[in-house]
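Notes for the one structure printed next.
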Amino acid sequence: MTKQIALFLKSTALMLVCIMLSCNNNESTIIQKKVEKDNYNANQSHPKLILTAQGVKDIRAQLGNIPIFDKTLQLVKEEVDAEIALGIDTPIPVDYSGGYTHVKHKSNMIIMQKAGVLYQILDDQKYAKYVKDMLMQYEALYKTLPLHPKTRSYARGKLFWQCLNDSNWLVYVSQAYDCIYNYLTKEERDTLESNLFKPFADHISVDSPQFYQRVHNHSTWGNAAVGMIGLVMDDQELIDRALYGIKDLKLDSNKKDDDGGFLNKDGKAGFLANIEEPFSPDGYYNEGPYYQRYAMYPFLIFAEGLHNVKPELKIFEYKNGVLLKSINALLNLSDADGDFFPLNDGQKGMSYYTSALVTAVDISYHFGTQDTGLLSIAKAQDRVLLDDSGLAVALGIKNNKATPFSKKSINLSDGPEGTQGGVAVLRNETIELVFKYAAQGSSHGHYDKLSYSLYENGEEVIQDYGLARYVNIEQKGGGNYLKENKTWAKQTIAHNTITQNETSHFDAKYEVGSQYHSVLNYFSSDNTNVQVASAKDSNAYPNTELLRTMAVIKDEDFEKPYVLDIMKVTSNKPNKYDFPYYFLGQLIQTNFDYKTPNALNPLGSKNGYQHLFVEATAKATNDNSQLSWLNKGKFYTLTTLTDANDDLLFTRIGANDPEFNLRREAAFMVRRKNAKNTIFVSTIEAHGSYSPVTESAINSNSNIKQLNVVLNSEAYTAIQITNVKGVTKLFITANTNALVDAKHKVTINDKDYEWSGSYYFK
């Protein structure tokens, strides 16, 4: 018995030893496999496009310690989880912008991109499965799709009514595919690439060359879409097609798109050409800030992908680093509230709080000079990208590196070489003046040479109308441009500049306007009290030269800085000139009597005039005509030089607009008839305030008593400004030799004035 017990104990001990050894071996195997998996994940080729494998490791290591990143991650997770709970819907496309199927496919592309990122950061396979399942539905759908049933576009898509939106989809979905690449089997990847991604890329490029093979924000999206999916798939042919355009393809150089712009006038195409041509060396984008904002996402997101996958291209150094420069230019083309100035086709209210500018700010900071001013904008945006660049910004904010982003007066050249005019922004305290003397601006340009708009602390004082479109509101023309964009918004009379003989600049012909640009006379911002921009245009009207000089002047005798505007017109024959001021607010007072008609009638029949009702008329009885208005609790006064032959008109937008597509806004207009050479001079003052709570008005009257032209020659124009106290100031601008080191001497009323530089003010 004892022997049996001993044998049992011995065998039990042996079994225990074996079990222990087995467990140790299993544990070692598990540990080894985990090490191998970690090593594999660290060295895997995906994700590599935007979110990188190293970035994933860095992000995971910081989770819980980076407030703005953690907050963004939580919000994205809640959004994606809610979509997953609703299930997947990939409807057959039938709508224009704003319709259900359009909105759903747009939502799907964004959610897929976000879900892919969540899979990588949280290592939760439900997000990868969701993306896979949706992609497989799109694979099954896409191979059945004809061209989109809506036929308005010059380049129809399949998922959307235009290739532009199809390209949007692929830019986002390529990122999602990259994030779940290793989750998919090789068979699944082959299926998606053969039946969805490659045909998709081909449709928006070789099947739609009129869309793809050009320099335009449309083709930028197309180039980025083809290139990004090419990077994920490691398809060099697609990458080259993205960078350089479709090989050996020539298009009819005279063909135009839906907006009247040339498809491929000069034969240039591809992503690199789209960097070279639209951007000036200063980073100004020729279509204006609204479309720059839209194009910056594909520009920067594809550039980041190229940087990560093809670093040898040094894409962020291309054209002297203009992509990153352009972010600073774009941010400076926004008002005090961050809203972009509506130059050319621009929707008001678009701001740097849009997701595209979150991308721009984060990428610019990470791949640029780590400008700490960008961090303050990122803080205001209150979210970051869930990738490597977003992590860098989040860490910068966490480490209290943010400094204010300083907006100062700036002059941004236009054109690939910076020789095609430009845009000047004059800033003085709370006053911002935007002076446009740029080139046409491609098909989104307006016929508005030497126009301007004026802001106080982010609020419009003298407005630019912007575009005539209700973006993504299906009920208004399918969310697309309305006919009034051509009949009104693009026309010269819709802007704060000179219209001659009721015709628009260049007769509103794009093929003519695209050949010309205005020319800078001078820009001066060194004196903090006097900011000046001056430019000429000799092509808007035949045999007519326009020279406009605009100054924002801070004067101790005035409550706030005021604007001095000098428009000098020289022509070879007498003309009729209309000079409007599109003010916002309630008329308070005039120093002239006006008559109101019994019925409202249009001011004209074409060129935008058909959209203006005449609400009141007057004859100028004084050499200075003055009106004041109230807007959002602030008073403003316009004082303008007039003579007895001038007609004064109060107009309102909205005539011949049966569908109420236009905003009903007012203008004051000076009409000068039978004038050969003439000059328009005016000031605009911001002053005082009104409180509806206390019902009190403070400083509601103008401080300007008189404007006088005391010299107007080919070389110089001098304006005398007299305030209500009788104090006079003299502003002299050089019309010709305006170099910063030029020396000047003029005699006015037997008194000599000498100075160096472009202007004199004292």
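The values are calculated or read from the model by the stated rules, or taken from the named source; none is laboratory data. Note that the structure is predicted; figures quoted are calculated from it, not measured. Here the Cβ positions follow ideal geometry from the backbone for every residue, glycine too, while neighbour counts run over all protein chains shown.
Numbers for the structure displayed
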{"read-out": "Single condition Pro404 does not satisfy, out of (1) under 22 Å from Ala360 (Cα atoms); (2) surrounded by 23 or more Cβ atoms within 10 Å (Cβ to Cβ)", "value": "(2)"}
{"read-out": "Selection status of Asp335, surrounded by fewer than 24 Cβ atoms within 10 Å (Cβ to Cβ) and over 10 Å from the mean Cα position of the chain (by Cα)", "value": "yes"}
{"read-out": "Single unsatisfied condition, Ala644 versus (1) surrounded by fewer than 21 Cβ atoms within 10 Å (Cβ to Cβ); (2) at pLDDT 95 or above", "value": "(2)"}
{"read-out": "Filter result (over 28 Å from Asn703 (Cβ atoms) and touching a strand residue (DSSP E or B) at 6+ places or on another chain (Cβ under 6 Å)) within segment 727-748", "value": "Ala738, Lys743, His744, Lys745"}
{"read-out": "Candidate set from segment 679-693 (those that are closer than 17 Å to Asn496 by Cβ and among the hydroxyl-bearing types (Ser, Thr, Tyr)); member that is surrounded by the most Cβ atoms within 10 Å (Cβ to Cβ)", "value": "Thr683"}
{"read-out": "Residue that is nearest to Phe160 (Cα to Cα) [pool: residues in segment 80-96 that are surrounded by 13 or more Cβ atoms within 10 Å (Cβ to Cβ) and among the hydrophobic types (A, V, I, L, M, F, W, C)]", "value": "Val94"}
{"read-out": "Any hit, segment 123-134, residues being buried (at least 22 other Cβ atoms within 10 Å of the Cβ) and either outside any helix (DSSP H, G or I) or touching a strand residue (DSSP E or B) at 6+ places or on another chain (Cβ under 8 Å) (or both)", "value": "no"}
{"read-out": "Check on Thr722, modelled with pLDDT of 95 or more, part of a loop (DSSP other than H, G, I, E, B) and among the polar types (S, T, N, Q)", "value": "no"}
{"read-out": "Single residue of segment 725-744 satisfying the filter (polar (S, T, N, Q) and part of a strand (DSSP E or B)) that is nearest to Ile566 (Cα to Cα)", "value": "Thr733"}
{"read-out": "Residue that is farthest from Leu243 (Cα to Cα) [pool: residues in segment 302-332 that are among the charged types (D, E, K, R) and surrounded by fewer than 23 Cβ atoms within 10 Å (Cβ to Cβ)]", "value": "Lys325"}
{"read-out": "Verdict on Thr621 being β-branched (Val, Ile, Thr), in a loop (DSSP other than H, G, I, E, B) and modelled with pLDDT under 95", "value": "yes"}
{"read-out": "Scan of segment 559-601 for residues that are surrounded by fewer than 18 Cβ atoms within 10 Å (Cβ to Cβ) and touching a His at 6+ places or on another chain (Cβ under 8 Å), ordered by number", "value": "Glu559"}
{"read-out": "Flag if Thr637 is assigned by TED's automatic domain parsing to the domain that holds Thr717, out of contact with any His (no Cβ under 9 Å at 6 or more places or on another chain) and touching a residue at least 24 places away in the same chain (Cβ under 8 Å)", "value": "no"}
{"read-out": "Pairs with Cβ under 9 Å, 6+ apart, first in segment 416-428 and under 21 Å from Glu559 (Cα atoms), second of a type in the set (Asp, Glu)", "value": "Leu426/Glu432"}
{"read-out": "Any hit, segment 209-225, residues being part of a loop (DSSP other than H, G, I, E, B), under 23 Å from Leu135 (Cα atoms) and of a type outside the set (Ser, Thr, Tyr)", "value": "no"}
{"read-out": "Complete set of residues in segment 694-707 that are without any contact (Cβ under 8 Å) to a residue 40 or more places away in the chain and either closer than 26 Å to Thr499 by Cβ or among the polar types (S, T, N, Q) (or both)", "value": "Thr694, Ser696"}
{"read-out": "Residue match in segment 663-670 (condition: free of Cβ contacts under 8 Å to residues at least 40 places away in the same chain, part of a loop (DSSP other than H, G, I, E, B) and under 30 Å from the mean Cα position of the chain (by Cα))", "value": "yes"}
{"read-out": "Residues of segment 406-419 classified as part of a loop (DSSP other than H, G, I, E, B) and either under 19 Å from Val322 (Cα atoms) or under 18 Å from the mean Cα position of the chain (by Cα) (or both), total", "value": "7"}
{"read-out": "Any hit, segment 570-584, residues being more than 17 Å from Asn496 (Cα to Cα), among the acidic types (Asp, Glu) and either part of a strand (DSSP E or B) or in the same structural domain as Ile719 (by TED's automatic domain parsing) (or both)", "value": "no"}
{"read-out": "Test: residue in segment 331-346 that is modelled with pLDDT of 95 or more and part of a helix (DSSP H, G or I)", "value": "yes"}
{"read-out": "When residues of segment 351-378 are limited to those that are part of a helix (DSSP H, G or I) and small (Gly, Ala, Ser), the one surrounded by the fewest Cβ atoms within 10 Å (Cβ to Cβ)", "value": "Ser355"}
{"read-out": "Candidate set: segment 420-439, residues that are among the aliphatic types (A, V, I, L, M) and more than 18 Å from the chain's Cα centre (by Cα); chosen: the one surrounded by the fewest Cβ atoms within 10 Å (Cβ to Cβ)", "value": "Ile431"}
{"read-out": "Residue in segment 440-454 that is surrounded by fewer than 20 Cβ atoms within 10 Å (Cβ to Cβ) and more than 18 Å from the chain's Cα centre (by Cα) present", "value": "no"}
{"read-out": "Residue that is nearest to the chain's Cα centre (by Cα), among those in segment 87-122 that are of a type in the set (Val, Ile, Thr) and part of a loop (DSSP other than H, G, I, E, B)", "value": "Val94"}
